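The values are calculated or read from the model by the stated rules, or taken from the named source; none is laboratory data. Just so we're clear, the structure is a prediction, and the values are computed from it rather than from any experiment. Using ideal geometry, Cβ is built from the backbone for each residue, glycine included, and neighbour counts are taken over all protein chains shown. To get the accessible areas, we keep the full protein, side chains included, count just its heavy atoms, and leave off ligands, DNA and RNA. Shrake-Rupley method; radii C 1.70, N 1.55, O 1.52, S 1.80 Å.
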Amino acid sequence: PTNHLDIRAQLDLLDLVRDLRVTTIAALHDLNLAAAYCDRICVIDDGAVVVLNDQHHFYAQPRLSPDGARVAYVAWDHPHMPWDSTVLALASLDDGSRTERVLVGGVDESVLQPEWADDGHLYCLSDRSGWWNLFRVDVDGDEVTALCSRDEEFGQPLWVLGETTYALLGDGRL
């Protein structure tokens, strides 16, 4: 963390780490610093760090599929904020391509909290209706199914990483 440092010290430290050209895991709370210094989502594959994606400025909520073959994650780009414009993307881990496929979301949609069910279905929250409602996403096709369409929020802005607003239960209920 760098939040205890003044801004000049934060920039100096981040410049130093970038110039060392080593893989670094950093927790940055300032979106401007994160946009300038954090630009990849990586996985460890047989002991090697492999860039999974570097097409976006920010990444959050990565979720590994039950079979371990794919990872779903939320991504967005500066100057957008995650409560305004995100995508839910999917990357394959087992074919070596590491190609991103956007499942849902875009400039006028915020998608949050992807969660895999044991049967391979992917769930998420989307504000495509103007309210964060729950959806099931077909990861092998293009179908996005609203599960509970209401003029109510089932999600909240992505201000704090790690928070959840719904859960998958062992018996398949949400």
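Just add up the charged neighbours of VAL139: K/R +1, D/E -1, any other residue whose Cβ is under 12 Å from the Cβ of VAL139.
On the way: positive: ARG63, ARG70, ARG101, ARG136; negative: ASP67, ASP119, ASP138, ASP140, ASP142, GLU143.
Residues close to VAL139 contribute a combined charge of -2.
Take TRP83, TRP76 and sort them by solvent-accessible surface of the protein heavy atoms, 1.4 Å probe, largest at the top. Mind showing how you got there, number by number?
Details: TRP83 80, TRP76 20 Å².
Sorted descending by solvent-accessible area, the residues read TRP83, TRP76.
Normalised by the empirical 2.2 N^0.38 Å for globular proteins, what value does the Cα Rg of the range 81-120 take? Display every interim value, and only then the final one.
Values: Rg = 12.0 Å, N = 40, 2.2 N^0.38 = 8.9 Å.
Here the answer is 1.35, to two decimals.
How large is ³J(HN,Hα) for each residue in the range 158-174, as worked out from phi by the Karplus curve 6.51 cos²θ - 1.76 cosθ + 1.60 (θ = phi - 60°), to whole Hz, x for Gly and Pro?
7, 8, 10, 6, x, 7, 10, 10, 8, 9, 8, 8, x, 8, x, 6, 9
Quick check: with the 1.4 Å probe, what order do TYR123, TYR59, TYR73 take by accessible area, largest first? Present the calculation step by step, with values, prior to reporting the outcome.
On the way: TYR123 25, TYR59 45, TYR73 0 Å².
Listed by decreasing accessible area, they come as TYR59, TYR123, TYR73.
Debye calculation, C-alpha points only, no solvent: report log10 I(q)/I(0) for the range 67-174 at q = 0.15, 0.20, 0.21 Å⁻¹, in the same order as the q values.
For the range 67-174 at q = 0.15, 0.20, 0.21 Å⁻¹, log10 I(q)/I(0) is -0.62, -1.10, -1.20.
Near ASP84, within a Cβ-to-Cβ distance under 10 Å, what is the net charge of the other residues, with Lys and Arg +1 and Asp and Glu -1?
-3
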